[in-house]
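*Asks:* Attaching a single structure in structure tokens format; questions to follow.
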Amino acid sequence: MELKQVVAGFTGTENCTITPITNGLINTTYFVENPDSEEKFILQKINTQVFKFPEVITRNHILINTMLENGNYPLQPVIPKSTLNGDFIVKDEEGESWRMLSFIDDTRTFFRIPDLKTAYESAKAVGCFLNMVNPEQLPDIQSPIPDFINFEKRIVDYQTSLRYANENLLKNAEPEIETMNELLFLPQKWIEMEKNGLLPKRIIHGDPNVRNILFDKNSRPLAVIDLDTVTVSTILYDFGDMARSYTNTLDEDDGNAGDNFNPQIYRTVKEGFLLYLKGKLNFEELENLDYAAQTVIYIQAIRFLTDYLNGNSYYATKYADHNLDRTKNQLELLKGLRKYLRVD
């Protein structure tokens, strides 16, 4: 099935222009424009190696939008477009799943936080989103990626990779393995708090990176996008991942990173994040924001290292040591954060 036939499954016409968008990390994405109606859309082939049940992510998206529409949400929602049959997924001849989303015009994106103002506005936008989608009674949001925030499993996977990895890989990563093992205690408190029910279950974004926020030409947030990873977990994960991705002054691929943690951005992100959420979070959540930032960075490092030791089977890589460089970058970021927090 050609791309235009996929589009026709949503719009009823093949009269369109289709342009690839190449900056996606998981799904294959296209910009679609109908010259007759002047309608614009985003078309995506869902990566079913990651999202094994595409219907789950579209269902979650619709539930989230319903809450946003019923509230006083100041940002723009991204709207899934239904097919001609009333579904939200078109299957092509190879069985691949496609979905179409509304397009928000005249926007810009960042792949790294450029300044303190953008850091604050981005964190505020995510906090606003999380506040709106967490009523007292949560809707039936389903997990799009089972065990995505199961830190106990991440550690088991890492330890398994140590047992079976190629000796050359183990030797090459010896300094990183040593650091990782020294800090292996770090996620244990998180695991225990979850087991003891100290962390409320809340709807989280799951990937609140700045690249998942659309801005206007004046760098004001217009929309929080990419809701594929929305799930029910602890809100500490979203704060930790924002701290991880926002405070890094270098690309996370940079294995020569040194002093790549920005403490000013960290303080600003915390301030923006809490603007809408401070009154909603409980004592354990508020007291463990700094801890969450450390733990999420550590877990991301362990994921990169595990994939490296497994032969780069999960993350897309451009060279043999790509995941090892990512690991080094995250460990340097963690070092900077822990130095700032004076926990070393």
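*Asks:* Net charge near T317, counting Lys/Arg +1 and Asp/Glu -1 over other residues with Cβ under 12 Å of its Cβ?
*Replies:* Numbers: positive: K318, R326; negative: D253, D307, D321, D325.
Summing Lys and Arg as +1 and Asp and Glu as -1 gives -2.
*Asks:* Given 4 °C and 1.567 mPa s, how large is the Stokes-Einstein diffusion coefficient of the chain in µm²/s, with Rh as the Kirkwood radius over Cα pairs?
*Replies:* In µm²/s, the coefficient rounds to 61.
*Asks:* I would also like to ask the following. Quote the FRET efficiency, to the nearest 0.05, computed for F148 versus E284 with a Förster distance R0 of 30 Å and r equal to the Cβ-Cβ distance.
*Replies:* 0.90
*Asks:* Give me the accessible area per residue for the range 99-185, probe 1.4 Å, as a whole number in Å².
*Replies:* I get 55 Å² per residue for this part.
*Asks:* For T231, enumerate residues with amide H under 5 Å from its amide H, sequence gap 5+ or separate chain, H modeled in the peptide plane.
*Replies:* I204
*Asks:* Now, a different point. Is the shape of the range 163-264 best called rounded, prolate or oblate, per the rule: a/c under 1.5 gives rounded, else a/b larger than b/c gives prolate, else oblate, with a ≥ b ≥ c the square roots of the Cα gyration tensor eigenvalues? Don't skip to the answer; put the middle values down first.
*Replies:* Numbers: a/c = 2.20, a/b = 1.29, b/c = 1.71.
It comes out oblate by the Cα gyration axes.
*Asks:* Put one equal scatterer on each alpha carbon of the range 275-344, apply the Debye formula with no solvent term, and list log10 I(q)/I(0) at q = 0.26 1/Å to two decimals.
*Replies:* Each listed q corresponds, in turn, to -1.04.
*Asks:* What value, in deg cm²/dmol to 500, does the helix sum -39500 (n - 2.57) over DSSP H runs of n ≥ 4 give at 222 nm once divided by the residues of the chain?
*Replies:* Mean residue ellipticity, 222 nm, calculated: -14000 deg cm²/dmol.
*Asks:* Further question on the same structure: What does the charge count near P114 come to, summing +1 for each Lys or Arg and -1 for each Asp or Glu among other residues with Cβ under 13 Å from its Cβ?
*Replies:* So the surrounding residues net to +2.
*Asks:* Also, I was wondering about something else. Dimensions of the range 1-139 along principal axes (Cα, Å, largest first)?
*Replies:* Reported extents, whole Å, longest axis first: 44, 37, 33.
*Asks:* List the lysines whose Cα sits under 16 Å from the Cα of K52, skipping any in the same chain fewer than 8 residues away.
*Replies:* Here the lysines satisfying the reach criterion relative to K52 are K91.
*Asks:* Taking +1 at the Cβ of each Lys and Arg and -1 at the Cβ of each Asp and Glu, which of T118, N282, W98 sits farthest along the dipole of the chain towards its positive end, judged by Cα position relative to the Cα centre?
*Replies:* Towards the positive end, the residue furthest out is N282.
*Asks:* Ignoring any ligand, DNA or RNA, what whole percent of the accessible area of the chain comes from carbon and sulfur when the probe is 1.4 angstrom?
*Replies:* 47 percent
*Asks:* Among all the lysines, which ones have a C-alpha under 23 Å from K270's C-alpha, if same-chain residues fewer than 8 places away are not counted?
*Replies:* Within the straight-line limit of under 23 Å, K270 reaches these lysines: K117, K124, K189, K201, K278, K280, K335, K339.
*Asks:* Suppose the chain between E69 and D115 were pulled fully straight at 0.36 nm per residue; how much longer would it get relative to their current alpha carbon spacing?
*Replies:* Here the segment from E69 to D115 would lengthen by 13.5 nm.
*Asks:* Here's another thing I want to ask about it. Ordered by residue, what ³J(HN,Hα) values in Hz, to whole numbers, does the range 73-90 give under the Karplus form 6.51 cos²θ - 1.76 cosθ + 1.60, where θ = phi - 60° and Gly and Pro are x?
*Replies:* Running phi through 6.51 cos²θ - 1.76 cosθ + 1.60 with θ = phi - 60° gives 6, x, 9, 8, x, 8, 9, x, 9, 7, 7, 5, 8, x, 8, 10, 10, 10 Hz.
*Asks:* Now a separate question. Between A320 and V343, what FRET efficiency follows from the Cβ-Cβ distance if R0 is 30 Å, with the result rounded to 0.05?
*Replies:* 0.35
*Asks:* For the range 67-120, state which GluC sites (Glu not before Pro) are in a DSSP loop and have at most 11 other beta carbons lying within 10 Å of their beta carbon.
*Replies:* Here the GluC sites (Glu not before Pro) that fit, given the DSSP loop and packing criteria, are E93, E94.
*Asks:* A further question on this structure: In degrees between 0 and 90, to the nearest 10, how far off the longest principal axis of the chain does helix 54-70 point, with axes built from Cα atoms?
*Replies:* Roughly 80 degrees between the two axes.
*Asks:* At R0 = 25 Å, how high is the FRET efficiency between T28 and N166 if r is their beta carbon distance? Nearest 0.05 is fine. Mind showing how you got there, number by number?
*Replies:* On the way: r = 31 Å, r/R0 = 1.24.
The value I calculate is 0.20.
*Asks:* Test of understanding: what is the full-extension gain from I18 to E174, defined as 0.36 nm times their sequence separation minus their Cα-Cα distance?
*Replies:* 51.5 nm
The values are calculated or read from the model by the stated rules, or taken from the named source; none is laboratory data. In this text, all values refer to a predicted model and were calculated from it rather than measured experimentally. Methodologically, a virtual Cβ is constructed for each residue, glycine included, from the backbone with ideal geometry; neighbour enumeration extends over all protein chains shown. Ligands, DNA and RNA are excluded from the accessible area calculation, which covers all protein heavy atoms including side chains. Shrake-Rupley method; radii C 1.70, N 1.55, O 1.52, S 1.80 Å.
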